[in-house]
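All of the numbers you see were taken from the coordinates with simple rules; none came from a lab. Treat the numbers as computed from the prediction; the structure is a model and nothing was measured. Note: ideal-geometry Cβ built from the backbone for every residue, glycine included; neighbour counts use all protein chains shown.
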Amino acid sequence: MSSILLAEDSSTHAALMRSILESAGYHVECVENGRLALETLGQRQPDLVVTDLRMPELNGMELVRAIAEKYSHLPTVVVTARGSESLAVDALATGAANFVPKNSLHKLLNRVVGQTIRMAHADRVFGEGYPPLKRPEFTLTVANDIAAIEPVVLFVVQTLAATGHMNPTHRIRIGTAVYSAMLNAICFGNLEIQDSETLLSRLLAGDETGVQEMAERAAKPEYARRTVELRFSVGEHDTRIQVSQTGRGRVTRMTPAPGTPESFELEQCRGLMLLTSLMDDVIFRAGNSEVVMVKNHD
């Protein structure tokens with residue numbers, strides 16, 4: 001059973017998040033602020049920390065920064081209330097692995113937490129004593145299957161760990177960026193899902209009808225031959241990852257404006273924010289059908 005340390009000063013929100021997490025089988029320990037969270041971490045280590053951003057004594061931003069500095073193997077996920085979007089951006093820049101809007105807890109919390117924990121476990125496959133992998137490169141092509149994304153992401157994280165470049169926090173954050181890029185490429189590039197559709201929202205929430213409808217859509221003749229390609233290359237000074245799709249949909253957008261409350265409620269905008277916040281350089285090209293992400297090793 002994976003363990004989670006939850007830092008949240010609101011008893012109502014803490015009870016809700018604890019209930020959601022425990023429903024997925026996690027062991028959850030709750031504290032009221034960042035100071036108590038750090039004291040707890042000094043005594044025992046969970047698999048992941050979930051934290052609110054606005055808390056007394058030591059806020060979520062300060063907690064994320066302290067964890068990134070002292071416990072680089074320990075991923076953090078921040079939860080954000082409407083109106084604190086800029087804090088979420090800052091938390092991602094500071095070291096958080098992902099974020100979940102509070103109005104999307106039922107839909108996203110367990111999904112994000114599970115993905116992040118599995119990436120952390122994948123990162124630990126290569127411990128000390130292994131000779132480092134030198135300049136790995138590979139290209140993978142996947143069909144329009146959301147379930148195919150995570151195995152690719154875990155392979156990316158394991159490969160990065162095998163090179164010895166960067167610390168676990170950075171490698172997990174790269175995994176988050178790759179997941180978001182591939183999800184956007186499949187859903188909005190190849191399958192051309194629109195904001196007005198509830199399909200992706202239902203799928204992310206684990207609704208079986210959403211899973212079924214996504215598979216049916218991907219099998220339609222106009223979408224079936226479309227694919228997503230990932231090119232991965234680790235050099236001496238940086239890691240470069242290219243994700244491209246063969247569909248007609250756009251994986252970038254200008255509205256709603258990035259960082260606004262409205263943008264946090266759309267999965268495509270959320271994914272784009274993760275890309276730009278977690279990677280050092282993000283380049284969109286080829287008519288917005290391709291994104292190149294760069295992460296420096298220093």
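Here are some notes:
- Length added when fully stretched, Thr227-Glu208, from 0.36 nm per residue minus Cα-Cα: 4.5 nm
- Helix-only CD estimate at 222 nm, as mean residue ellipticity for the chain, using -39500 (n - 2.57) per DSSP H run (n ≥ 4): -13500 deg cm²/dmol
- Listed by Cβ neighbour count within 10 Å, with the fewest neighbours leading, Tyr71, Tyr26 appear as Tyr71, Tyr26.
- Glu29/Thr198 FRET efficiency (R0 35 Å; Cβ-Cβ; nearest 0.05): 0.50
- When you work out D = kT/(6 pi eta Rh) for the stretch 1-139 at 4 °C and 1.567 mPa s, using the Kirkwood radius from C-alpha pairs as Rh and the Stokes-Einstein form, the result is 84 µm²/s.
- The stretch 1-80 - Rg over Rh from alpha carbon coordinates, Kirkwood radius: 0.93
- Computed from label points 7 Å out along Cα-Cβ, the spacing between Ala215 and Ala15 is 3.9 nm.
- Computed from the alpha carbon positions, the gyration tensor of the chain leads to an equivalent ellipsoid with semi-axes of 29, 24, 17 Å, biggest first.
- Residue-wise HN-Hα couplings along the stretch 39-52, as the Karplus relation 6.51 cos²θ - 1.76 cosθ + 1.60 with θ = phi - 60° gives them from phi, are 4, 5, 5, x, 9, 7, 10, x, 7, 6, 10, 10, 9, 6 Hz; Gly and Pro carry x.
- The relative contact order of the stretch 140-248, computed from alpha carbon pairs under 8 Å that lie at least 6 residues apart in sequence, is 33 percent.
- Value of Rg/Rh across the stretch 137-296 [Cα atoms, Kirkwood radius]: 0.96
- Footprinting exposure proxy ranking of Leu63, Leu266, fewest other C-beta atoms within 10 angstrom first, gives Leu266, Leu63.
- The modelled label-to-label distance for the pair Ile283/Leu266, using points 7 Å beyond Cα in the direction of Cβ, is 2.6 nm.
- Each label was represented as a point 7 Å from its Cα along the Cα-to-Cβ direction; for Glu22 and Glu137 these points are 5.2 nm apart.
- Per-q log10 I(q)/I(0), the stretch 124-217, q = 0.11, 0.22, 0.24 Å⁻¹ (Debye; single scatterer per alpha-carbon; no solvent): -0.42, -1.08, -1.21
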